[in-house]
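The values are calculated or read from the model by the stated rules, or taken from the named source; none is laboratory data. What you see is a predicted model; the values in this text were computed from it and never measured. So basically every Cβ, Gly included, is an ideal-geometry build from the backbone, and we count neighbours across all protein chains shown. For the accessible areas, the whole protein counts, side chains as well, though only heavy atoms, and no ligand, DNA or RNA atoms are used. Shrake-Rupley method; radii C 1.70, N 1.55, O 1.52, S 1.80 Å.
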Amino acid sequence: MDYIIHILIIISIFVPLALSLDLLVGRTGILSITHAGMYGLGAYTTAILTKTYGVSFLTSVAVGILVTVCASYMLSKVLSRLKGDYYTLGSFGANIILFSLFMNLTPLTGGPMGIFNIPQAVIFGIPVTSTLAFLLVSLVFMCLVIIFMQMITTSRFGLIIQAIRDDTLATEVFGYNVKDFKTVAFVISASIASIAGSLYSTYISFIDPSSFTLNESIFMLTMIIIGGFASKRGAIFGAVFVILLPELLRFVGLPDSIAAQLRVAIYGAILMYLMYKKPTGVFGNYTP
Amino acid sequence: MKTYNINHHFGGIQALNDVSIFCEEGKITGLIGPNGSGKSTLVNVLTNVLHRMHGKVENGKHFARTFQDAKLWSNLTVLESFLMAQKSESWLYSIFHFSSLEEIKSAKEIIERIELTHHTNTKVRNLSYGQRKLVEIGRALSVTNSQILYLDEPFAGLSDISTPLVKDLILEEKKKGKVVLIIEHDMNIIRTLCDYVYVLDAGKVIAEGTPDECLNNKEVKEAYLGL
Ligand SMILES: Nc1ncnc2c1ncn2[C@@H]1O[C@H](COP(=O)(O)OP(=O)(O)OP(=O)(O)O)[C@@H](O)[C@H]1O
Ligand SMILES: [Mg+2]
């Protein structure tokens with residue numbers, strides 16, 4: 001039972017990550033691969049504030065958002081000078097820089113050893129002690145993100161970012177400040193990732209830089225590629241699928257050492273199959 | 001709208017060479033000339049798509065335009081495209097902006113006028129070439145507060161059924177008192193629609209006047225009409 005709850009919690013953390021990444025990559029057409037870095041900013045802020053400074057969980061989430069808003073705003077300003085593939089390469093670099101900060105700011109982040117014994121969350125005075133209670137919290141978060149995404153994608157903002165993706169020049173000619181919209185999409189996407197990070201760190205109670213690598217960002221990108229760009233159903237499906245796949249392989253009874261490699265091979269095979277048969281992903285309705 | 005001595009070059013090519021034109025409100029001004037004479041470049045400079053290198057422009061802030069090669073939002077529907085074109089807005093406002101019935105109604109009116117009612121909710125990328133041309137025009141007409149309308153070959157690729165619809169729509173814009181600048185190769189359309197015409201050749205204005213004056217001008221006949 002605990003095992004199932006664990007899987008559900010991980011899913012409810014990764015669905016928002018996939019949805020927020022899709023807002024940026026699928027809808028706005030900005031191929032940025034630094035989502036795990038933003039996720040890490042939230043995770044580390046919460047870990048440091050709740051453990052070292054005894055700050056409450058919700059406050060730490062708020063500070064995490066603030067830190068991420070500032071970082072992603074500046075990052076987006078820097079990256080916006082780059083075009084196309086160079087933008088993506090720049091975002092790689094950003095993830096690597098964040099990773100090395102987590103790795104090397106040892107007094108703050110514990111370096112490669114990470115941070116242990118991150119306190120359990122206390123929300124509105126209620127300690128979230130059982131995993132079931134935590135599941136409830138993370139499900140609420142996931143639902144809020146889904147509702148928020150529903151709202152923002154059906155609002156005019158949702159149309160405008162897709163218009164930017166489809167034809168940036170035409171969107172500018174029709175009077176929109178394209179740069180602003182791109183920055184805002186970037187910041188919103190990063191902030192949601194940051195909240196997911198805060199939840200992750202209190203849940204696991206231990207974090208180290210390995211959860212926030214470039215690979216991890218690519219892992220999130222895989223979710224939305226499999227599920228399909230610019231589709232909420234796609235992002236949700238992709239996250240659930242990519243998380244459940246290794247668990248299913250475990251069920252088949254493969255030893256972990258083989259399953260881990262098989263997992264990567266299966267992702268690769270699925271991606272190739274999709275590129276060949278259905279380049280829009282399972283639910284996507286847009287190909288870059 | 002007035003322009004004075006506009007110059008623009010791409011590398012070594014002088015695409016616009018001291019172009020000065022004057023377009024009146026409530027008049028349709030035609031811009032004609034051979035391929036590569038700089039017509040699209042002039043409109044691109046006037047709409048800030050290209051930065052002008054020299055010269056001065058006096059025009060209203062609010063304009064709408066079409067592109068020679070349709071530059072559409074291919075994953076939006078026809079209705080969504082027109083709604084977006086109506087009025088630009090800031091990101092903050094747009095997050096809380098859900099299209100009002102009024103906005104939808106006025107977008108649908110234009111959709112009806114260009115006879116795309118059946119495709120109101122079709123994604124633009126699923127439309128035929130001719131239908132996309134219509135969307136390009138309808139989108140420019142959707143802009144609510146435009147004072148100037150630039151049309152870069154709006155009739156190219158339109159069916160015989162659509163051509164009169166678009167003509168009527170352009171005439172209505174004229175009646176509203178807008179400045180209309182239209183690039184067109186079809187001399188019949190120029191004759192029936194335009195009040196005044198500029199002829200460009202190799203980036204220079206070689207003639208101007210009423211359509212008949214221009215089309216009978218000797219230099220124009222040689223440079224453009226090949227007569
Ligand atoms: N982006 C560009 N880079 C380099 N040269 C360009 C560019 N755009 C246009 N030109 C050149 O500038 C000149 C004018 O081009 P322009 O597109 O304005 O002509 P046009 O009058 O609109 O022709 P058409 O009737 O074929 O549309 C041409 O010689 C063209 O090759
Ligand atoms: Mg042209």
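In summary, B:ASP69 fulfils each of the numbered conditions (1) open to solvent by 10 Å² or more (accessible area, probe 1.4 Å); (2) of a type in the set (Asp, Glu); (3) at pLDDT 95 or above; (4) within 16 Å of ligand 2 (Cβ to nearest atom) with the single exception of condition (3). How many residues does region B:1-28 hold that are in a loop (DSSP other than H, G, I, E, B) and within 16 Å of ligand 2 (Cβ to nearest atom)? Adding up the residues that qualify gives 1. A:ALA235 fulfils the conditions (1) more than 30 Å from B:ILE148 (Cα to Cα); (2) within 14 Å of another protein chain (Cβ to nearest Cβ); (3) open to solvent by less than 10 Å² (accessible area, probe 1.4 Å); (4) not aromatic (Phe, Trp, Tyr) except for a single criterion, (2).
Residue-by-condition table, conditions (1) within 8 Å of ligand 1 (Cβ to nearest atom); (2) surrounded by fewer than 19 Cβ atoms within 10 Å (Cβ to Cβ); (3) not assigned by TED's automatic domain parsing to the domain that holds B:TYR196:
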residue: B:ILE13; (1), (2), (3): yes, yes, no
residue: B:ASP18; (1), (2), (3): no, yes, no
residue: B:PHE22; (1), (2), (3): no, yes, no
residue: B:GLU25; (1), (2), (3): no, yes, no
residue: B:ILE32; (1), (2), (3): no, no, no
residue: B:ASN35; (1), (2), (3): yes, yes, no
residue: B:LYS39; (1), (2), (3): yes, no, no
residue: B:ASN44; (1), (2), (3): yes, no, no
residue: B:THR47; (1), (2), (3): no, yes, no
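Going by what's in this entry, would B:ILE182 be described as open to solvent by less than 10 Å² (accessible area, probe 1.4 Å), in contact with a strand residue (DSSP E or B) (Cβ under 7 Å, 6 or more places away or on another chain) and part of a helix (DSSP H, G or I)? Taking the combined requirement at face value, the residue does not satisfy it. Of all residues in region A:146-189 being touching a residue at least 24 places away in the same chain (Cβ under 8 Å) and among the small types (Gly, Ala, Ser), which is farthest from the other protein chains (Cβ to nearest Cβ)? Checked region A:146-189; the qualifying residue farthest from the other protein chains (Cβ to nearest Cβ) is A:SER189.
When we screen B:ASP168, B:ASP201, B:ASP212, B:ASP160 for residues that are of a type outside the set (S, T, N, Q) and modelled with pLDDT of 95 or more, the only hit is B:ASP168.
In region B:49-64, of all residues being open to solvent by 70 Å² or more (accessible area, probe 1.4 Å) and over 25 Å from B:ASN145 (Cα atoms), the one that is farthest from ligand 1 (Cβ to nearest atom) corresponds to B:HIS54. Residues in region A:156-214 that are assigned to a loop (DSSP other than H, G, I, E, B) and under 19 Å from A:ILE97 (Cβ atoms): A:ASP208, A:THR213. Note on region A:238-268: among residues that are open to solvent by 50 Å² or more (accessible area, probe 1.4 Å) and in contact (Cβ under 8 Å) with a residue 12 or more places away in the chain, the one that is nearest to the other protein chains (Cβ to nearest Cβ) is A:PHE241. Report yes if some residue within region B:85-106 is within 16 Å of ligand 1 (Cβ to nearest atom) and of a type in the set (Phe, Trp, Tyr); otherwise report no. No: zero hits.
Listed by first and then second residue, the pairs linking a residue in region B:37-49 that is at the interface with chain A (Cβ under 10 Å from one of its Cβ atoms) to a residue that is more than 7 Å from ligand 1 (Cβ to nearest atom), with Cβ atoms under 7 Å apart and 6 or more places separating them unless they lie on different chains, are B:ASN44/B:LEU50; B:THR47/A:VAL173; B:THR47/B:PHE63; B:THR47/B:ARG65; B:THR47/B:TYR150; B:VAL49/A:LEU169; B:VAL49/A:VAL173. Restricting attention to region A:141-155, the residues that are part of a helix (DSSP H, G or I) and surrounded by 17 or more Cβ atoms within 10 Å (Cβ to Cβ) total 6. Quick check on region B:212-225. Is at least one of its residues under 18 Å from B:LYS39 (Cβ atoms) and within 13 Å of ligand 1 (Cβ to nearest atom)? Yes; the residues of region B:212-225 include at least one that is under 18 Å from B:LYS39 (Cβ atoms) and within 13 Å of ligand 1 (Cβ to nearest atom). If the condition is being part of a loop (DSSP other than H, G, I, E, B) and either within 16 Å of ligand 2 (Cβ to nearest atom) or of a type in the set (Lys, Arg) (or both), then region B:29-54 contributes B:GLY33, B:PRO34, B:ASN35, B:GLY36, B:SER37, B:GLY38, B:THR47, B:VAL49, B:LEU50, B:ARG52. Taken over region A:199-219, the criterion of being out of contact with any Gly (no Cβ under 9 Å at 6 or more places or on another chain) and either surrounded by 24 or more Cβ atoms within 10 Å (Cβ to Cβ) or at positive phi (or both) is satisfied by A:THR202, A:SER205.
Look at region B:137-152: where a residue is closer than 10 Å to B:ARG65 by Cα and touching a residue at least 40 places away in the same chain (Cβ under 8 Å) and a partner is among the charged types (D, E, K, R) and in a loop (DSSP other than H, G, I, E, B), sitting 6+ places away or on another chain with Cβ atoms under 7 Å, you get B:SER146/B:LYS178; B:ILE148/B:LYS178; B:LEU149/B:LYS178. Taking (1) within 16 Å of ligand 2 (Cβ to nearest atom); (2) open to solvent by less than 10 Å² (accessible area, probe 1.4 Å); (3) closer than 16 Å to B:ILE189 by Cβ in turn, B:GLU136 satisfies each apart from (3).
When B:LYS167, B:LYS176 are checked against the criterion of being open to solvent by 60 Å² or more (accessible area, probe 1.4 Å) and either outside the structural domain of B:LEU116 (by TED's automatic domain parsing) or over 15 Å from the mean Cα position of the chain (by Cα) (or both), a single residue qualifies: B:LYS176.
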